[in-house]
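Asks: A single structure is presented below for examination.
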Amino acid sequence: MSAADRAGLKSPIRTYLEKLHATYVDLHDGQVASYIPELSHANPNWFGICVATTDGYVYEVGDSRQTFTMQSISKPFVYGLALEDHGKDAVFHKIGVEPSGDAFNSISLYPDSGRPFNPMINAGAIATTGMINGEHPAEKLQRLLDMVGVYCGHPVEVDQRVYESERSTGHRNRAIGHMLRNFEILTDDPEPALDLYFQQCSILVTCRDLAIMAVTLANGGLNPISGQRAVHQPYVEPILSIMSTCGMYNSAGEWIYDVGMPAKSGVSGGVLAVLPGQLGIAVFSPPLDQRSNSVRGIRVCEDMSQDFNLHLFHAPVVAKSVIRTSYNASQVTSQRSRRDHEEQLLQEQGHRIRVYDLQGDLLFSTVEVVLRDIMERHERLDFIILDLKHVTSIDTTASSMLCDLLHTLEAQPCMLLFSNIEPSSPFAMSILGREGSDGSQGPVIYEDHDLALEWCENQLLARYLGTPSGDAAIPLAEHVLCQGLSERDLNHLQTLLEPLSFAPGERILETGHAPDYIYLLTRGEVSVTIELADGKRKRLSTLPAGMAFGEMALIERAPRSADVTALTPVACYALPIAAFDRLQEINPSLRMMLLTNLLRHVSGTLRRLTEKVGILTG
Ligand code: GLN
């Protein structure tokens, strides 16, 4: 139950599910399975509905915690384990992937080879179970239980009564097992495989468990609640494909037509459905229709699919939203403070740097949009920054398309940079591990887009203004706070200042400390940063010689709100706030000049920020 539910406020989704439950609770069609005697004891009124999301939330309505046996719902999961044990080819060699259109217990084998049509009918499922690795039967069973346990997020066990009941009456399945042995699909005694199959069908789960199992498949094989991997990602696709074409036996066609989600049902009354990337749905209600699917289960899934537009082929259009914003460096500059002539130049030439703020999932259709935009503009650009901060995933195709783009641009004067790439991601690996075709290092990767932008601006400025003398100190008279000061005032100010120097990496100001001084930077560069709630450091700006820092102390007198660190050897003057205050009495015009210069500087910064916000949010 969520905090909102506890507070008495019900989510509209919960309300919907409760209504759906109320709608079908009075539907008494169908029969509880009885061919396995023990199953006939199920209460026909049991009825649970659960929906689990890929971010790990579970909605539960009705008998969501009632245990029952998985029966055929175990089949796709055991198929996944067989794929992990042997790989796709070896499994395909023994078990086909064609829907048979027959009932679950039909003996649908290819006539000459005896190969079962698919792993969802009993013949294919028994053959699949026969492939599970393990030294002895107990080990094989344990591997199955462990696997289901990871899907559910807790240990699971076999219902001994149901297992015994099926084992002693499962003559048809036993016949199928021996047929498989006859065709050498099972190469050993079929009895242990059958025994393991009866056990897997008798694993106890709840409706909630099934929803979590379903959403684990929707989530690429990773249980979104425990974060544990239940099946390797490459096998999720084959599992879901088989579920879509064969999961509902002889109603598989109608199911994918109407409901449009890979699904699996079992004779104990469970049904689960998977909406890849989004949801897992499970329904539990024992009465079955003629095709051995839960009557209420089917109705609930049909309604939900319709009401929430969950059909797989009702796909959202993703391509259009991939470029969150795109701008050039004359519209938005980096957080580095610049002297006036540099700023002027960026106004004029900044259009040669373009930043793309990308978002969402990068896949063929979204990266195609980005590539097309870049191809149209690259001749007019010197630098392109692709910022991936808001990108949620990069598939292998997108990754290689971006590598191809790098390769294409290598021969051009236009340079491609990336920012905010998760360093451990496969994409980072493929980009970082890559060398230019001329043997040069691969692309430049920056941890945030602003650093990348600053680097590009520096390159552009160097191209037009020559390499800045960097280390050179500027005279106090050229400092922003000293504009227009008379010789006399400058000399007076000088007597109040304390010269300081710092080595690269040295902390000059610390968040929370008392605001005793304002600093006038005359040589080198400092970086202004804050620590975020998650402990990461965010850079607010870089300041070159000529700028002031700690200047808010003059007005606010509040503790320092950021850290300032020397990036290069730094020389600066510290003006004690107390000395500044005394100017009120002894040199009010100097005090006024300093405040006016400060205000001009602050309002310039504010203007730029306002423009930036306008472009970034506009
Ligand atoms: N254990 C059952 C059987 O083999 C499973 C069938 C099912 O759930 N459809 O008959």
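Asks: Using the Cα centre of the stretch 168-306 as the reference point, and only Cβ charges (+1 on K/R, -1 on D/E), how large is the resulting charge dipole? Debye, rounded to the nearest 20.
Replies: Dipole about the Cα centre, nearest 20: 240 debye.
Asks: Here is a further query. If you average 1/r over all unlike Cα pairs in the chain and invert the result, what Kirkwood radius do you get in angstrom? Write down the numbers at each step before the final one.
Replies: Numbers: mean 1/r = 0.0341 Å⁻¹.
Kirkwood radius, the chain: 29.3 Å.
Asks: With charges set only on the Cβ (+1 for Lys and Arg, -1 for Asp and Glu), what does the dipole of the chain come to about its Cα centre, in debye to the nearest 20?
Replies: 880
Asks: Let me ask something else about it. Output the peptides 376-387, 112-123, 153-164 sorted from most to least packed, where packing is the average of other Cβ atoms within 10 Å over each peptide's residues.
Replies: 112-123, 376-387, 153-164
Asks: Please report Rg over Rh for the stretch 503-577, where both radii come from the alpha carbon positions and Rh follows the Kirkwood definition.
Replies: Working: Rg = 11.8 Å, Rh = 12.4 Å.
With Rh from the inverse mean 1/r over Cα pairs, Rg/Rh is 0.95.
Asks: I would also like to ask the following. Along the stretch 547-553, what does the Karplus equation 6.51 cos²θ - 1.76 cosθ + 1.60 (θ = phi - 60°) give for ³J(HN,Hα), rounded to whole Hz, x for Gly and Pro?
Replies: Using θ = phi - 60°, the values come out as 9, 10, 9, x, 6, 5, 4 Hz.
Asks: What Kirkwood Rh does the stretch 436-588 have if only Cα atoms enter the pairwise 1/r average? Answer in Å.
Replies: Working: mean 1/r = 0.0574 Å⁻¹.
One decimal place: 17.4 Å for the Kirkwood radius.
Asks: In Å, what is the Rg of the alpha-carbon atoms in the stretch 1-85, and how long is Dmax?
Replies: Gyration radius and largest Cα-Cα distance of the stretch 1-85: 16.7, 48 Å.
Asks: How many angstrom lie between the C-alpha centres of the stretch 94-153 and the stretch 551-618?
Replies: One Cα centre to the other: 73 Å.
Asks: I want to check the label-to-label distance for R537 and N182. Put each point 7 Å from Cα in the C-beta direction and report it in nm to one decimal.
Replies: 7.5
Asks: Dimensions of the stretch 559-618 along principal axes (Cα, Å, largest first)?
Replies: Taking max minus min along each principal axis of the Cα atoms, the stretch 559-618 gives 49, 30, 22 Å.
Asks: Measuring from label point to label point, each 7 Å out along Cα→Cβ, what is the R65 to D26 span in nm?
Replies: Simple spin-label model gives 2.9 nm for this pair.
Asks: How fast does the stretch 233-281 diffuse by Stokes-Einstein, in µm²/s, taking the Kirkwood radius from C-alpha pairs at 37 °C and 0.692 mPa s?
Replies: 301
Asks: Same structure, new question: Per residue, what volume in Å³ does the convex hull of the Cα atoms of the stretch 260-383 enclose? Intermediate results must be reported in sequence, preceding the final value.
Replies: On the way: hull volume 16.8 nm³, N = 124.
Value for the stretch 260-383: 136 Å³ per residue.
Asks: Right, something else. Among K88/K320; K88/K140; K75/K389; K10/K389; K320/K612, which pairs are too far apart, with a Cα-Cα distance over 29 Å? Don't skip to the answer; put the middle values down first.
Replies: Values: K88/K320 35 Å; K88/K140 20 Å; K75/K389 40 Å; K10/K389 34 Å; K320/K612 23 Å.
Pairs exceeding 29 Å: K88/K320; K75/K389; K10/K389.
Asks: Give a residue-ordered list of calculated ³J(HN,Hα) values for the stretch 308-323 (Karplus: 6.51 cos²θ - 1.76 cosθ + 1.60, θ = phi - 60°; whole Hz; x for Gly, Pro).
Replies: 9, 6, 8, 4, 4, 7, 8, 8, x, 8, 9, 4, 5, 9, 5, 8
Asks: If you filter the stretch 246-326 for chymotrypsin sites (Phe, Trp or Tyr not before Pro), then keep DSSP loop positions with at most 11 other Cβ within 10 Å, what is left?
Replies: F313
Asks: What's the whole-number percent of alpha carbon pairs in the stretch 219-301 lying beyond 19 angstrom?
Replies: The share of Cα pairs beyond 19 Å in the stretch 219-301 comes to 37 percent.
Asks: Considering amide H positions built from the backbone, and no H for Pro or chain starts, which residues 5 or more places from I508, or on another chain, come under 5 Å of its amide H?
Replies: For I508, whose amide H was placed from the backbone, the distant partners under 5 Å are V564, T565, A566.
Asks: Can I ask one more? For the stretch 509-618, which chymotrypsin sites (Phe, Trp or Tyr not before Pro) are both in a DSSP coil and crowded by at most 10 other Cβ atoms within 10 Å?
Replies: Values: sites: Y517, Y519, F549, Y573, F580; in loops: none.
In loop regions of the stretch 509-618 (DSSP not H, G, I, E or B), there are no sparsely surrounded chymotrypsin sites (Phe, Trp or Tyr not before Pro).
Asks: With point charges of +1 on the Cβ of Lys and Arg and -1 on the Cβ of Asp and Glu, referenced to the Cα centre of the chain, which listed residue (L279, L606, Y197) lies farthest in the positive direction of the dipole?
Replies: After comparing all options, I get L606.
Every read-out reported here was derived from the displayed coordinates using simple, explicitly stated rules and does not represent laboratory data. These figures come from a predicted structure and were not determined experimentally. As a convention, Cβ positions derive from the backbone with ideal geometry for all residues, glycine included, and neighbour counts pool all protein chains shown.
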